[in-house]
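**Student:** Structure incoming, see below.
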Amino acid sequence: MSRISAETFEQICAGVWRDRAALLCRRGIASCEEALIRAVYWRISKAGGEPEQSLKDHTSLLDNLLEHYRDETVEGKAFE
């Protein structure tokens, strides 16, 4: 496994965002943000990347995903 490219990471985050309603409905005891991060982690693994390194290297892209979720929550459109 290796670090994935920023482009691939961005595509993974976009897919997680697109699928957020289903992901957040099945989150169990995890917080919504944890559920989104877990989904990114799992999809990085599935893409053949090293999740820990990829998350560390692309922190700003992950932060963008979480900020997008927080903005949606503030607007009252969250999938709680």
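**Student:** Name the residues in region 1-20 that are buried (at least 19 other Cβ atoms within 10 Å of the Cβ) and either acidic (D, E) or closer than 22 Å to T73 by Cβ (or both), would you? I'd like the intermediate steps shown before the answer.
**Tutor:** Applying the first criterion (buried (at least 19 other Cβ atoms within 10 Å of the Cβ)) to region 1-20 yields 4, 9, 12-13, 16, 20.
Within region 1-20, I12, C13, V16, R20 qualify.
**Student:** With respect to I29, determine if the residue is of a type in the set (V, I, T), modelled with pLDDT under 95 and touching a Ser or Thr at 6+ places or on another chain (Cβ under 8 Å).
**Tutor:** Details: of a type in the set (V, I, T): yes; modelled with pLDDT under 95: yes; touching a Ser or Thr at 6+ places or on another chain (Cβ under 8 Å): no.
No; evaluated as a whole, the condition is false for this residue.
Every residue, every condition in (1) basic (K, R); (2) assigned to a loop (DSSP other than H, G, I, E, B); (3) closer than 14 Å to L65 by Cα, yes or no:
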| position | (1), (2), (3) |
| --- | --- |
| I4 | no, yes, no |
| E10 | no, no, yes |
| A14 | no, no, yes |
| W17 | no, no, yes |
| A35 | no, no, yes |
| V40 | no, no, yes |
| I44 | no, no, no |
| L55 | no, no, yes |
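**Student:** Also: Which condition from (1) without any contact (Cβ under 8 Å) to a residue 40 or more places away in the chain; (2) surrounded by 19 or more Cβ atoms within 10 Å (Cβ to Cβ) is the one that G49 breaks?
**Tutor:** (1)
**Student:** From the list L23, L61, which one is crowded, with 17+ Cβ neighbours inside 10 Å and in contact with a Leu (Cβ under 7 Å, 6 or more places away or on another chain)?
**Tutor:** Unique residue meeting the criteria: L23.
**Student:** Moving to a separate point now. Within region 19-33, work out how many residues are outside any helix (DSSP H, G or I) and free of Cβ contacts under 8 Å to residues at least 12 places away in the same chain.
**Tutor:** Total satisfying the criteria: 6.
The values are calculated or read from the model by the stated rules, or taken from the named source; none is laboratory data. What you see is a predicted model; the values in this text were computed from it and never measured. As a convention, Cβ positions derive from the backbone with ideal geometry for all residues, glycine included, and neighbour counts pool all protein chains shown.
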